[in-house]
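Novice: Would you mind keeping the following structure in view while I ask a few things?
The values are calculated or read from the model by the stated rules, or taken from the named source; none is laboratory data. Source: prediction; values computed, not measured. Please note: Cβ atoms are built from the backbone with ideal geometry, for glycine as well, and neighbour counts cover all protein chains shown.
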Amino acid sequence: MIEIKHISKSFADKVILEDISGIFEKGKTNLIIGTSGTGKSVLLKNIVGLIHPDAGDVLYDGRDFTHGNKELQTQVRREIGMLFQGGALFDSKNVEENVMFPLNILTTMTMEEKLERVNFCLERVNLENVNKKMPSEISGGMKKRVGIARAIVNQPNYLFCDEPNSGLDPQTSIRIDNLIKEITDEYDITTVVVTHDMNSVIEIGEKIMFLHKGHKVWEGSNQDITQTDLDELNEFVFATRLMKKIFPR
Amino acid sequence: MTYVKLTIDECIKLGYNSLFIVTIVSVFIGAVTTIQTAYNLVSPFIPSYVISVVVRDMTLLELSPTIIAIIYAGKVGSNIASELGTMRITEQIDALEVMGINATSYLVLPKIIGSLIMYPMLVILSMFLTLYGGYLAGSISGVISSTDYLYGLRYEFIEFNVTFAMIKAIVFSFLVASISSYKGFFTTGGALEVGQSSTAAVTSSCIAILCADYGLAQLLLG
């Protein structure tokens, strides 16, 4: 479980996040949603420690990550797997080396054990025979799946995904969403997904936090997101004709 | 073990891959310096071996450590800055940090150590090649005989000049690697900014080299 308490962040005079609190539950796919520029990615970066919040705390299973010492922060970070928006694969390494990278750095496994684990993770994300390909030789969807394989290779307790569907076609998006959901259920981990994709919200949004202009304005699940009276949320949810057709109001 | 491998990789990338440009530049600098020095020493009262004395001292004191450093800043500095800048904007550095890896020591330290190891070696190679380039040009053009050239190279040789060149090489290699790494590591924005970081890395490195060159000359020879 990850708990955030009163997180605030400003860049120069611009307030990006203001007093955001919430709980991301273990074994659930927790979503942070909102329109572009509303502070979703900044909140995620605050949670994983890439940005230090101006105020507030982030607790990983009760451990104060924000104000903890370096050792605690390193320990927590080694329990984190993260899928970045563009995949963030290392250009100079092939797929196998990318996925093996956390094992090389953080474990004392033998080469055989590492290879076995890498192949298991690549199979888990439905990627076969791409081990020796370079990131520039694979498609966007494959990059995302390699990113997921790298994120789960060290058996993390917390999985973060920053806009996993951006730039992908609807079919691949659904595949990535389902993969994230399956992995969350299978390993019973805490997953936090930042997205503005309504398909993802409906498909995997077990717990959803809606941000609007740097504030948390709604919290709920995919079951009740279409039933709310909140104007800002309805504008976001029913922005497309398709959503209006599926959920007539 | 990881850091040893990374440092070896950087040595290959920064040093071995610079061999071609260093060789070409050094040989031609030596050749041109010999011919231009001969052109300026037209008096019959000046013995011809003075040409190679001048070439030798210019090579050891300035041409090999400093001019090659400028070339090195252009090639290696832009390479380091653009590599780290691209890693920054594509979130590869963020990925390292999220994994609990100290991105600065993982990415920057091997580059600085690699540069400190390889650049002095490039300077030593450049010294030999520059003097050899001068020898070739002198012999081919006939401005100085090979016997006079070799005599001049050994005439009143001051060993400290080599030590001075090595001190300069170490300082310049650190400046190029650290300045370029800094510029690349703290790139923000997109592809345009990576290009700007790369240019800024080369410009700042060159200015730092020239300032350090003057400072060291004043400190150790003044």
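Novice: Every residue in region A:64-100 that is surrounded by 14 or more Cβ atoms within 10 Å (Cβ to Cβ) and farther than 23 Å from A:Asp162 by Cα, please.
Specialist: A:Gly68, A:Leu72 - these are the residues of region A:64-100 that are surrounded by 14 or more Cβ atoms within 10 Å (Cβ to Cβ) and farther than 23 Å from A:Asp162 by Cα.
Novice: Something else about it: Determine, yes or no, whether A:Asp162 is more than 10 Å from chain B (Cβ to nearest Cβ) and among the acidic types (Asp, Glu).
Specialist: Numbers: more than 10 Å from chain B (Cβ to nearest Cβ): no; among the acidic types (Asp, Glu): yes.
The answer is no for A:Asp162.
Novice: For region A:96-112, indicate whether the set of residues that are over 26 Å from A:Gly141 (Cβ atoms), outside the structural domain of A:Arg150 (by TED's automatic domain parsing), at pLDDT below 90 and part of a helix (DSSP H, G or I) is non-empty. Talk me through it step by step, then tell me what you get.
Specialist: Applying the first criterion (over 26 Å from A:Gly141 (Cβ atoms)) to region A:96-112 yields A:105-112.
Now drop any that are not outside the structural domain of A:Arg150 (by TED's automatic domain parsing), which leaves none.
No, that holds for no residue.
Novice: What do you reckon, is A:Gly68 within 14 Å of chain B (Cβ to nearest Cβ), in contact with a helix residue (DSSP H, G or I) (Cβ under 8 Å, 6 or more places away or on another chain), closer than 30 Å to A:Ile16 by Cβ and free of Cβ contacts under 8 Å to residues at least 60 places away in the same chain?
Specialist: Details: within 14 Å of chain B (Cβ to nearest Cβ): yes; in contact with a helix residue (DSSP H, G or I) (Cβ under 8 Å, 6 or more places away or on another chain): yes; closer than 30 Å to A:Ile16 by Cβ: yes; free of Cβ contacts under 8 Å to residues at least 60 places away in the same chain: yes.
So A:Gly68 fits the description; yes.
Novice: If I go through region B:82-114 residue by residue, how many of them are assigned to a loop (DSSP other than H, G, I, E, B) and touching a strand residue (DSSP E or B) at 6+ places or on another chain (Cβ under 9 Å)? Full working, then the answer.
Specialist: Our first condition is that a residue be assigned to a loop (DSSP other than H, G, I, E, B); within region B:82-114, this holds for B:90-91, B:99-102.
When the remaining residues are screened for being touching a strand residue (DSSP E or B) at 6+ places or on another chain (Cβ under 9 Å), the result is B:91, B:99-100.
Number satisfying all stated conditions: 3.
Novice: A follow-up question, please. How many residues are assigned to a loop (DSSP other than H, G, I, E, B) and without any contact (Cβ under 8 Å) to a residue 12 or more places away in the chain if we restrict to region B:1-40?
Specialist: Of the residues in region B:1-40, the ones assigned to a loop (DSSP other than H, G, I, E, B) are B:1, B:15.
So of that shortlist, the ones also without any contact (Cβ under 8 Å) to a residue 12 or more places away in the chain come out as B:1.
Summing the residues that are assigned to a loop (DSSP other than H, G, I, E, B) and without any contact (Cβ under 8 Å) to a residue 12 or more places away in the chain in region B:1-40 gives 1.
Novice: Starting from region A:28-53, keep only residues that are assigned by TED's automatic domain parsing to the domain that holds A:Val194, then list their pairs with residues that are in a loop (DSSP other than H, G, I, E, B) whose Cβ atoms are within a distance under 6 Å, requiring at least 6 positions of separation or different chains.
Specialist: As it stands, the answer is A:Lys28/A:Glu206; A:Thr29/A:Glu206; A:Leu31/A:Gly205; A:Gly39/A:Gly214; A:Lys40/A:Gly34; A:Lys45/A:Ile51; A:Asn46/A:Pro53, since those pairs meet every condition given.
Novice: Additional query: Restricting to region A:79-88, what's the tally of residues that are facing another protein chain (nearest Cβ under 8 Å), part of a loop (DSSP other than H, G, I, E, B) and modelled with pLDDT of 90 or more?
Specialist: Restricting attention to region A:79-88, the residues satisfying the condition of being facing another protein chain (nearest Cβ under 8 Å) are A:80, A:82, A:84-86, A:88.
Subsequent filtering for residues that are part of a loop (DSSP other than H, G, I, E, B) retains A:84-86, A:88.
Subsequent filtering for residues that are modelled with pLDDT of 90 or more retains A:84, A:88.
Of the residues in that region, 2 qualify.
Novice: Tell me the residue from A:Asp91, A:Asp57, A:Asp61 that is at the interface with chain B (Cβ under 10 Å from one of its Cβ atoms) and of a type in the set (Asp, Glu), please.
Specialist: On the way: A:Asp57 fails: at the interface with chain B (Cβ under 10 Å from one of its Cβ atoms); A:Asp61 fails: at the interface with chain B (Cβ under 10 Å from one of its Cβ atoms).
Sole residue among the options that is at the interface with chain B (Cβ under 10 Å from one of its Cβ atoms) and of a type in the set (Asp, Glu): A:Asp91.
Novice: Additional query: Here is a list: B:Ile112, B:Ile124, B:Ile101. Which entry is of a type in the set (A, V, I, L, M), modelled with pLDDT of 95 or more and within 28 Å of A:Asn98 (Cα to Cα)?
Specialist: Going through B:Ile112, B:Ile124, B:Ile101 in turn, just one is of a type in the set (A, V, I, L, M), modelled with pLDDT of 95 or more and within 28 Å of A:Asn98 (Cα to Cα): B:Ile112.
Novice: Is it the case that region B:124-143 has a residue that's outside any helix (DSSP H, G or I) and touching a residue at least 40 places away in the same chain (Cβ under 8 Å)?
Specialist: The initial filter retains those residues of region B:124-143 that are outside any helix (DSSP H, G or I), namely B:142-143.
Right, trim to touching a residue at least 40 places away in the same chain (Cβ under 8 Å) and you get B:143.
Yes, the conditions are met somewhere in region B:124-143.
Novice: Can you find a residue in region A:9-19 that is aromatic (Phe, Trp, Tyr) and either under 23 Å from A:Leu106 (Cβ atoms) or away from every other protein chain (no Cβ under 14 Å) (or both)? It would help to see each step written out before you state the result.
Specialist: Here is the first cut: in region A:9-19, the ones aromatic (Phe, Trp, Tyr) are A:11.
Remaining after also requiring either under 23 Å from A:Leu106 (Cβ atoms) or away from every other protein chain (no Cβ under 14 Å) (or both): none.
No, region A:9-19 contains no residue that is aromatic (Phe, Trp, Tyr) and either under 23 Å from A:Leu106 (Cβ atoms) or away from every other protein chain (no Cβ under 14 Å) (or both).
Novice: Among residues belonging to region A:101-123 that are within 14 Å of chain B (Cβ to nearest Cβ) and within 20 Å of the chain's Cα centre (by Cα), point out the one that is surrounded by the fewest Cβ atoms within 10 Å (Cβ to Cβ). Talk me through it step by step, then tell me what you get.
Specialist: So the first thing to find is which residues in region A:101-123 are within 14 Å of chain B (Cβ to nearest Cβ), and the list is A:101-111, A:114.
Adding the requirement that they be within 20 Å of the chain's Cα centre (by Cα) leaves A:101-102.
On the way: A:Phe101: 21, A:Pro102: 24.
Looking at residues that are within 14 Å of chain B (Cβ to nearest Cβ) and within 20 Å of the chain's Cα centre (by Cα), I get A:Phe101.
Novice: For region B:148-173, which residues satisfy the criterion of being in a helix (DSSP H, G or I) and of a type in the set (Phe, Trp, Tyr)? Walk me through how you get there before you give the answer.
Specialist: Pass one, region B:148-173, residues in a helix (DSSP H, G or I): B:148-154, B:160-173.
Within region B:148-173, B:Tyr149, B:Tyr151, B:Phe160, B:Phe164, B:Phe172 qualify.
Novice: Output the residue which, of all residues in region A:29-45 that are in contact with a Gly (Cβ under 8 Å, 6 or more places away or on another chain) and not aliphatic (A, V, I, L, M), is nearest to the other protein chains (Cβ to nearest Cβ).
Specialist: A:Lys40
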